[in-house]
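*Asks:* Pasting in a structure now, in structure tokens, and then I'll have a few things to ask.
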Amino acid sequence: MTDQTTTTTNNLSEEDRELKAIEYCEDANKLIKQLKDREDKNILDETASNLSQTNIDENKNSINNDDNTDDDDDFNEIEIIEKVTELFSKAIEMDSECIDAYLGLAYVKGMQRNYESVSELLEKANKIDPSDERVNIMKQTLEQESLTQDEVDSVPDFEPVMDIGVPNLNIPFIIINGGVTKKFITVLREIFDRFDRNKDNCLNKAEMKLYSKAVNGQELDLQSLQSMLDGYDSHPRNGLTFTGFVELYVNQTIEDSSETLKDLKTLGYDSELKLIK
């Protein structure tokens, strides 16, 4: 059966091979959407669970997951990622210049923190079409993640790494002598990455709505969203950058640190910035 399939594939015209590659990519992207949808659900479930353990809403009931047990049993993230990898790989075999397949595979490798493979795939994609903006965005994200990790690893957790111009401000574990601690930046990065579903190092409006719903129980309206994008560092098309996200929390902490502590607790961190288990 395999030999027959191979023969049939080899007999396809160049146009048919390109179409088949696109079909593989579309199937893979559908599975990626399933992963993103499940991630959204997990974020909201986790947040609701954290809320039920705090005093934010004493009447909040614990989450009942009985209705979702069957769905959870059927959902295997590892198997889906393997299937997505297989589909993108087939697309490349079918059409060696299918840039969507290289970018899709790079995205999956990024999910697995295999940054060396991501870099190789992006180089191949860049050779196919150097003008494709998606390649440049993913390259910038990869460089920032690598640089950030190197810088973070070399500094003690509660050493100030960013001066905010308020020298006497001290908020335990967050701001020391007017400097934001490495640990707080790291936690903000973890939170940011939770909601950056498409891994472009920005929070678009849909992702910001998801973040707002998780933190405040309701989505930001469009006017508030736009005001936030205008007020903090953002990409004109992709949304709030990580720098902007840090700016947002630094300003909020300076104005009212209790709001920041509330957000952190809602998102699963204790007063010492440790994940609550």
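*Asks:* At most 14 other Cβ atoms within 10 Å and a DSSP loop assignment: could you name the GluC sites (Glu not before Pro) in region 185-277 that fit?
*Replies:* For GluC sites (Glu not before Pro) across region 185-277 that sit outside H, G, I, E and B with at most 14 neighbouring Cβ atoms in 10 Å, the list reads 272.
*Asks:* When the Cα atoms of region 155-266 are enclosed in a convex hull and the volume is divided per residue, what value in Å³ results?
*Replies:* 103 Å³
*Asks:* While we're on this one: Distance between Cα centroids, region 205-277 to region 93-116: provide it in whole Å.
*Replies:* 30 Å
*Asks:* Just want the ordering: 234, 13, from fewest to most Cβ atoms lying within 10 Å of their own Cβ.
*Replies:* 13, 234
*Asks:* Which lysines have a Cα less than 24 Å from the Cα of residue 182, not counting those fewer than 8 places away in the same chain?
*Replies:* Cross-link targets: 199, 262, 265, 274, 277.
*Asks:* What ranking of 100, 163 emerges when the number of other C-beta atoms within 10 Å of each C-beta is taken as an exposure proxy, fewest first?
*Replies:* 163, 100
*Asks:* What residues qualify as long-range amide H neighbours of residue 203, i.e. H under 5 Å apart, gap of 5 or more or another chain, H built at 1.01 Å from N?
*Replies:* Sorted by chain and number, the residues that satisfy this are 240, 241.
We did not get these values from a lab; they are worked out from the coordinates using the rules stated. These numbers come from a predicted model, not from an experiment. Here Cβ is always computed from backbone atoms with ideal geometry, including for glycine, and neighbour counts include all displayed protein chains.
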